[in-house]
Amino acid sequence: MDWITTVDHKKIAVLYLAAGGLFFGIGGIEAILIRIQLMKPMNDFVSAQVFNELITMHGTTMIFLGVMPIIFAIMNAVVPLQIGARDVAFPFVNALGFWTFLFGGLLLNLSWIMGGAPDAGWTSYTPLSGSEYSGTHGVDFYTIGLQIAGLGTLIGGINFLATIITMRAPGMSYMRMPMFTWTTFITSAIILFAFPAITVGLVLLTFDRILDANFFDVAGGGNPVLWQHIFWIFGHPEVYILILPAFGIISEVIPTFARKRLFGYSSMVFATILIAFLGFMVWAHHMFTTGLGTIANALFSISTMLIAVPTGIKIFNWLFTMWGGRIRFTAANLFAVGFIPTFVMGGVTGVMLASAPADFQFHDTYFVVAHFHYVIVGGLVLGIFSGLHYWWPKMFGRILSESLGKWTFWTFMIGFQLTFFVQHFLGLMGMQRRIVSYLPNQDFDLLNLVSTIGAFLMGVGVIIFLVNIVITTKKPVNAPNDPWEDGRTLEWTIPSPPPEYNFKQTPLVRGIDAYWKEKMAGNTEMTPAEPVGSIHMPSATPLPFVMSVGIFIAGLGLMFSKDDFGNAFMNGLFNNYIVLIIGLVITFGAMMLRSLYDDHGWHIEPEDQDEKGARK
Amino acid sequence: MMKQWQVAKRILPLLAVFSLLLSACGREDLSVMKPQGPVAQGQYDLMKLSIAIMIVVLIIVFAIAAYVLIRFRRRSGQNDIPEQVEGSFKLEVIWTAIPLLLVIVLAVPTVKEIFAQGADLSNDPNAVQVKVTSHQYWWEFTYPQYDVTTAQDLIIPTDKKIAFELKTADVIHSFWVPSLAGKMDTNPDGTLNKFSFSAPNEGVYRGKCAELCGRSHAYMEFKVKAVSPEAFDRWVAEMKAPAVLPEDTQLAEKFKTNCLSCHAVGDQGGPVAPNLTGIGGKESVAGILLNQREGQEEGKPVLDNMKEWLHDPQSVKPGNTMPSPKDLGLTDEEIDGIAEYLANYKLDYE
Ligand code: HEM
Ligand SMILES: [Cu+2]
């Protein structure tokens, strides 16, 4: 109950982590099934239909429901602490963001048991995703599930923007913000601009499918290529929504374990902004083979290649952060230094893809599959692992086992390289992506087998990580404030896990790496910026949960509004939009309650502000 | 220009090594790394240039990373605090400038190649015009200059450029012959794509559908067969000859009513399904069941493949739209009879 009503950013972080972990696991199982099917030529482990559902759900799940929420978990856990805030700007809305994400994700995954998962690829290109060629409810689950989950992401992004703009501790100017906070800030800005595009796209596709509109239907005057533009105007920035937070994590972990401040802080900030900006200008590089014409292909080729410049700045800044440092290879840092070469691999193949004539050969082959997994798994997932090992003590008060962490690293890393390195060659040798099987004797057999073995090894790495979590959870809560001893930012000044109110007194920030600065000045604590006083807290409430349940019900109602259930009662309920209406009534009713009932929250008085952060 | 050449010169030896390494991969009739025509060659050259540049980048980054990680790891008892370096304007400018330079080196030939390959040959009388129409899950090739339509095997002469106009009859597919040229999507009306390639050497090249198009996307293969100009002319003539029908008149009747409602042979039948003229001599049945061919170890006799297809088309290509001959009321013997007739229906042009 506590978890359903909480509005505390630290608990919401845990919720995001658990839910993201669950979906990541589902996506991982889907990946393994895909790899088993492709282990040998003309395999018949799954049918062609199930295979298409697997690749679609794997891609969709991983991107929208797996890694994004885990990033949101880390952001929620860390950003308010890093800027010296007591919570995010809108705690109620934060909870709402989580619950809509969760119910959107559940709705999407219900498709497996409710008559067919989406099968048109995570990109859902029309007309294949139209009702004419995708006759099950699969794509409806996709459009409506993602719509609901996307709402949560948008809400979360806006919340972080407001939090970072308004709630920084005194003295923390923008150019003193920790890098992870910076990347969260930029990421949220990208979300703010990119998600409306997919929202509109999903609405249009829903209209086409459920209400027989003609946005993408040529016969009705629509244009299927329009979907590709809308999708990628969202889809390309989405890649940066994923990778920028990983950049942020790496920029925190490497300095801590090298005992050095981040090299070229301001160029890092500007590189991040530049990447975000360019990220919006290059969507059509996913569409070179769609036939945009020579001028467009040339322009998008060049603008894409330009992203290599700010990315290069980042890579070298990280390397020179370590230069002259005292590098400790903790598990967290292993993932961070492992990130650099793997991400560079993904980056250079990205530049290769940017060359349009060459992309005519690369596009939609395993070369592309290799490329984006190097970026997403080799970049983002390694970044997430790094961040989780790094901040786990802050989140839970317990340090993850270092030796199991190292085992996770090595199995995952080796498995990863085995899985995806060979895929570059498969693509060049003529293997398209999204194929359920392939003929023998095309030189594909051995490399596919290697790739499958690698995937299993990655699975082992993930299992070791889970074991690590279970073992660690049994240990006592005894992590010190600053378990890595070289913490540089504000989160390390308060107990692990932090008390409900985070900071008893808002700290005064006197430079970049505020805590490090105090430590070097011989202080053990931050100088407070305010006297001890009563702390205002928001009240717990089940309303965000109820609102999301309402949206979930409404989604199901809309989706099945035209079905014949062979049962007059059910038909009556759905075909007259009664279920849809019930769902909306629940949601809007909860909204009404929220606006009519004035809740002023509560206060923690100074005498109740004990130092150790007991998690209620 | 001078500067570019300098860079290129340094990259050349690397290029040589990598061409060798890369070209060890894959089949000649399929691999991107063994281009068999000028278009694929141009694309491959660009790929080699970019790979070489990227390898240089990788080597530099990996070397610095390895050096840093070994040299600056924390040894036991090392408890001092290193100098907190702010950054270095000079260094940062260097690693902004170098990637920029490398990007320019790649961007210039990229743009050149984009415009070189973008030429529109659709009104060129010297090119063979081919209209490609993709269907779930087969390929239709129409030659408007010769008034000929075929499916699955694209026959082209070696001496000419082939100018394609691509369109789809249903969802978006992508037309790809890796060893001859990169892929191009087949869009519905309104945004039709044009491109061209040529195949100077006789041979059979494997083509694939490269855009997810439904259940049998993986099986939507086709072949490009490049033949001498004389053979091509004979092929056109043979294609236009009157249809050959089964000798057994009863079987011929069954074939006409059940099959020719959709398919065509010679001058008879409908355009809904793949044209069957000379199907016994094609490279494959249904694009995916390879037929035995001289100098190739894979494949089954065409008769076996034909029977496999006709007895259960769904198991070969799930989700395809051909009705099962059994459901049309044909007996096993009739099906085998038709299979035999089709397997023996060959064109003599090579
Ligand atoms: C255990 C690790 C993973 C393995 C073995 C794996 C494997 C695969 C395979 C075999 C495909 C199908 C390629 C195709 O034929 O199109 C695929 C597609 C994809 N994967 Fe992964 N993957 C893994 C992790 C991830 C992660 C963590 C993400 C993202 C966060 C991800 C994102 C995607 C996407 C977006 C697609 C494309 C789906 C589509 O075609 O619609 N994968 N993956
Ligand atoms: Cu296709």
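Every number in this text was worked out from the coordinates using simple rules, so none of it is lab data. Only a predicted model underlies this, so the values are computations on that prediction, with no experimental measurement involved. Cβ placement follows ideal geometry from the backbone for every residue including glycine, while neighbour counts extend to all protein chains displayed.
Largest first and in whole Å, the equivalent-ellipsoid semi-axes of the stretch A:1-136 read 35, 16, 12, each the square root of five times a Cα gyration tensor eigenvalue. Is the stretch A:369-441 best put as rounded, prolate or oblate by its Cα gyration tensor, with a ≥ b ≥ c the root eigenvalues, rounded for a/c under 1.5, and otherwise prolate when a/b is larger than b/c, oblate when not? In terms of gyration-tensor shape, prolate. Farthest toward the dipole's positive end in chain A, which of A:L110, A:V93, A:F207, given Cβ charges of +1 (Lys, Arg) and -1 (Asp, Glu) about the Cα centre? Projecting each Cα onto the dipole axis, the largest value belongs to A:V93. Summary of the geometry: the stretch A:512-564 and the stretch A:248-320, compared by the centres of their Cα atoms, lie 29 Å apart. Only Cα pairs under 8 Å and 6+ residues apart enter the sum, and on that basis the relative contact order of the stretch B:146-240 stands at 36 percent. Between the stretch A:409-443 and the stretch B:30-53, the alpha-carbon centres lie 20 Å apart. Ranked for footprinting exposure by Cβ neighbours inside 10 Å, fewest first, A:I327, B:I64, A:I4 give A:I4, B:I64, A:I327. Here the extension length gained between B:D312 and B:E202 equals 36.2 nm, from 0.36 nm per residue of separation less the Cα-Cα distance. Using the Cβ-Cβ distance between A:M42 and B:E340 with R0 set to 30 Å, the FRET efficiency from 1/(1 + (r/R0)^6) comes to roughly 0.70. For the stretch B:117-236, a crude dipole built from +1 on the beta carbon of Lys and Arg and -1 on the beta carbon of Asp and Glu, taken about the Cα centre, is about 300 debye to the nearest 20. Cβ-to-Cβ counts within 10 Å put A:W232, A:W3 in ascending order as A:W3, A:W232, the fewest first. The ellipsoid equivalent to the alpha-carbon distribution of the stretch B:29-177 has semi-axes of 53, 18, 14 angstrom, derived from the gyration tensor eigenvalues as √(5λ) and listed largest first.
Reducing the stretch A:131-197 and the stretch B:155-186 to their Cα centroids gives an inter-centroid distance of 40 Å. Name the GluC sites (Glu not before Pro) in the stretch B:20-111 that are in a loop by DSSP and that have at most 10 other C-beta atoms within 10 Å, would you? Passing sites in the stretch B:20-111 are B:E83. Enumerate the helices in chain A for which the Kyte-Doolittle hydropathy averages -0.5 or more and the C-alpha atoms extend at least 27 Å along the helix's axis, using complete DSSP H runs. Helices meeting the criterion: A:9-37, A:91-110, A:138-166, A:179-210, A:224-258, A:331-354, A:402-428, A:445-474.
Summing -39500 (n - 2.57) over the DSSP H runs of n ≥ 4 in chain B and dividing by its residue number, what mean residue ellipticity at 222 nm do you reach, to the nearest 500 deg cm²/dmol? Rounded to the nearest 500, it is -12500 deg cm²/dmol.
Dipole orientation for the stretch B:163-279: of the candidates B:G269, B:A243, B:H173, B:H173 has the Cα lying most toward the positive pole (charges on Cβ; Lys, Arg +1; Asp, Glu -1).
Across 10 Å bins from 0, what is the distribution of all Cα-Cα pair distances for the protein assembly as shown, in whole percents? The percentages, shortest bin first, are 2, 11, 20, 22, 19, 13, 8, 4, 2, 0, 0. Take chain A and mark each of the GluC sites (Glu not before Pro) that is in a DSSP loop with at most 11 other Cβ atoms within 10 Å; the longest unmarked stretch, sites excluded, is A:1-484. Put in line by how crowded their Cβ is, counting other Cβ atoms within 10 Å and starting with the fewest, A:T294, A:T489 read A:T294, A:T489. Shape index of the stretch B:170-322: Rg/Rh, with Rg the Cα radius of gyration and Rh the Kirkwood radius from the inverse mean 1/r over Cα pairs, equals 0.96. Ranking A:S534, A:L428, A:F234 by how far each Cα lies toward the positive end of the dipole of chain A (charges on Cβ) leaves A:S534 at the top.
Applying 1/(1 + (r/R0)^6) with r as the Cβ-Cβ distance of A:E607 and B:V108 and R0 = 60 angstrom yields a FRET efficiency of 0.25. Please work out whether the stretch A:177-232 counts as rounded, prolate or oblate from its C-alpha gyration tensor, where a ≥ b ≥ c are the square roots of the eigenvalues and a/c under 1.5 means rounded, while otherwise a/b larger than b/c means prolate and anything else oblate? Prolate. So what does the Cα-only Debye profile of the stretch A:456-593 read at q = 0.14, 0.15, 0.16 Å⁻¹, as log10 I(q)/I(0), no solvent term? For the stretch A:456-593, the Cα-only Debye profile gives -0.87, -0.89, -0.92. Charge dipole of the stretch B:222-326 (Cα centre as origin; +1 on each Lys and Arg Cβ, -1 on each Asp and Glu Cβ, all else neutral): 300 debye, rounded to the nearest 20.
Residues in the stretch A:250-282 near a label at A:E485, defined as backbone nitrogen under 19 Å from the 7 Å Cα→Cβ point? Inside the label zone: A:253-261. Scaling the Cα radius of gyration of chain B by the globular reference 2.2 N^0.38 Å produces a ratio of 1.32. Shown for chain B are the DSSP H helices of 30 Å or more along their axis, judged by Cα atoms, with a mean Kyte-Doolittle hydropathy of at least 1.6: B:38-71.
Apply the a/c threshold of 1.5 to the C-alpha gyration tensor of the stretch B:229-311 and tell me whether it is rounded, prolate or oblate. Note, shape of the stretch B:229-311 comes out oblate. Calculated mean residue ellipticity at 222 nm for chain A: -21500 deg cm²/dmol, from DSSP H runs with n ≥ 4 weighted as -39500 (n - 2.57), summed, divided by the residue count and rounded to 500. Once the C-beta distance of A:L466 and A:A529 is scaled by a Förster radius of 35 Å, the resulting FRET efficiency is 0.30 to the nearest 0.05.
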